[in-house]
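Below: one structure, written as structure tokens.
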Amino acid sequence: MQKFFINGGKRLYGKIKVDCAKNAILPIMAGAILVNGEVILENVPPYSDVLNMIEILKNLGISVLWQENNLIINARSIINSIVPSLLASTLRSSVFCLGPLLARMKSAKVAYPGGCDIGLRPIDMHISSLRLLGAKIVEKNGYIYANGENMQGSDIILDFPSVGATENIIMAGVLTEGITRIFNPAKEPEIEDLQNFLNSAGAKIEGAGTNMITIEGVKKLCSTKYKTIPDRITAGSYLLAVAMCGGEVEIDNFIAHHNHALLSKLAQSACQLDIEGDKIKVKAKGRLESIGEIETAVYPGFPTDLQPQMMALASISKGYSLFVENLFESRFHHVPELIKMNADIRFKSKVCVVSGREKLYGAEVNAHDLRGGMALVMAGLVAEGYTTISGINFIDRGYYHLEENLAMLGADIKRMEEVD
Ligand code: UD1
């Protein structure tokens, strides 16, 4: 087990480049199951979620190799269609294998997924949608047993625009005869990226990012090379870290319109943002103005994946801020930890009221999930004194070289082995 050790209070200066998006890479890796040939994914950071997904693919008999920073996946031959519980429990995205396995192998046995503990996270919409495509599905002993012999394109209306369900249906529809239409799909940029990747391999999908996605089934997908979009949540996290600590940092590989909700909130504070092409320069000094009210929502609303980091900023901004978490029931695990660092936060059910403090103080805190863990790192960077953060395996799921990047900007942060 490892932990971060941070000596807070340093301003951040310099330049940083955002890595490819974890939430785009993971469904695309599952999408590679559909491809009868080689998929080259360029510049893939070895997030621990990616490493776990590699193990899942290898267990299916798929060849996965690193060639420098590129990930080469070859699913020409697949020897089984089982995702066992031990592997599925390592990440939520294991459930993305269900749609592609059904479409390509006509059968799948996939254990219920694991992932960060931020709420119930059911997969009922994934299952009911695949049933609408004709899949026969039985849920038994922690596994989903699915048979896709008689799948046929169909119209699917999602009750809620679930990111994962939209991605699973797209992948199931790609090799399924006929036309599949998804009404009320998720519109996140990662959905469009999945569409673009699959189309680059010969799929016929259109409409990602709109209110209806149409998938025309094709017989086969072929080899392709693809680079995913930059990680908008990582970019947002660095932006917020600079806003909190003060300093001046240029963030490269930044797609402004993917972060519109964050940028419009930050514009209300006294933080200076200059965007030029795919770069953003953030400049901040002193405590920022309150960021007011944050309600998480589906894209293009304020992302739930930036709620904890935004709350860390609010905890040292001037005045009150109100947070409403609408996506996940238990996404406030960072709150008691921030309180240990002197944050003034009251919470009930899905609402938090934050009264900004002049200062946070270093403490021993524990990360309980990926984004909440990042919020603690940010609090540690700004706090007076020393902070140690345990549970950083959660942070490694979706941030690569975090401590090196922050140290390059002037932070005093080290990764250390945890000793009992
Ligand atoms: C994805 C992201 C995650 C992000 C989330 C919301 C990946 C790998 N993960 O997660 O980082 O926080 O989108 O932007 O891309 N729901 C159901 N039944 C279902 C599916 C979802 O009730 O079958 C509910 C969930 O419990 C949650 C809401 O729908 O309350 C949103 O979930 P969803 O959009 O599916 O998120 P994920 O795909 O799990």
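Some observations on this one:
- Apportionment of accessible area to carbon and sulfur, the chain, percent (1.4 Å): 50 percent
- Cα shape, the stretch 180-328, gyration tensor, a/c 1.5 rule: prolate
- Ser317, Ser48, reordered so the largest accessible area comes first (probe 1.4 Å): Ser48, Ser317
- Using C-alpha pairs below 8 Å separated by at least 6 residues, the relative contact order for the stretch 345-420 is 26 percent.
- Cross-link reach list, lysines versus Lys414, counting only Cα pairs under 18 Å and skipping chain neighbours closer than eight places: Lys3, Lys10
- For the stretch 39-58, backbone nitrogen atoms closer than 18 Å to the point 7 Å from Ile79 Cα along Cα-to-C-beta are found at 54-58.
- Computed from label points 7 Å out along Cα-Cβ, the spacing between Lys227 and Ile72 is 1.9 nm.
- For the chain, the relative contact order is 21 percent, taking Cα pairs closer than 8 Å that sit 6 or more residues apart in sequence and dividing their mean separation by the residue count.
- Candidate lysines - alpha carbon under 30 Å from Lys136, same-chain residues fewer than 8 apart omitted: Lys58, Lys106, Lys109, Lys187, Lys204, Lys219, Lys220
- Spin-label model, Asp155 to Thr210: label points 7 Å out along the Cα-to-beta-carbon direction sit 1.7 nm apart.
- Lysines with Cα under 19 Å of Lys265, excluding same-chain neighbours fewer than 8 positions away: Lys279, Lys281, Lys283, Lys285, Lys318
- Charge dipole magnitude, Cβ of K and R +1, D and E -1 - the chain, Cα centre, debye nearest 20: 240 debye
- Sequence of His401, His260, His333 from largest to smallest accessible area, 1.4 Å probe: His260, His401, His333
- The value of relative contact order for the stretch 168-260, using C-alpha pairs under 8 Å at least six residues apart, is 27 percent.
- Given their separation in residues at 0.36 nm each and the Cα-Cα distance between them, Ser264 and Glu358 gain 31.4 nm when the chain is fully extended.
- Shown here: the chain, whose C-alpha atoms stretch 63, 45, 39 Å along the first, second and third principal axes, sorted largest to smallest.
- Tensor-based shape of the stretch 300-405 (alpha-carbon gyration tensor, a/c under 1.5 rounded, otherwise prolate or oblate): oblate
- Rounded, prolate or oblate (a/c below 1.5 giving rounded, otherwise prolate when a/b exceeds b/c) for the stretch 59-202 by Cα gyration tensor: rounded
- Of all complete DSSP H helices in the chain, those with a Cα span along the helix axis of 18 Å or greater and a mean Kyte-Doolittle hydropathy of -0.5 or more are 232-245, 370-382.
- The stretch 214-255 residues near the modelled Lys283 label - backbone nitrogen below 15 Å, point 7 Å along Cα→Cβ: 243, 246-251
- For the stretch 130-266: Kirkwood Rh in Å [reciprocal of mean 1/r, alpha carbons]: 17.0 Å
- Protein heavy-atom accessible surface, 1.4 Å probe, per residue over the chain: 40 Å².
- The chain, helix-only ellipticity at 222 nm - DSSP H runs n ≥ 4, -39,500 (n - 2.57), divided by all residues, nearest 500: -8500 deg cm²/dmol
The values are calculated or read from the model by the stated rules, or taken from the named source; none is laboratory data. Nothing here was measured: the structure is a model prediction, and the numbers come from that model. Don't worry about glycine lacking a Cβ; one is built from the backbone with ideal geometry, like all the others, and counts go over all protein chains shown. To get the accessible areas, we keep the full protein, side chains included, count just its heavy atoms, and leave off ligands, DNA and RNA. Shrake-Rupley method; radii C 1.70, N 1.55, O 1.52, S 1.80 Å.
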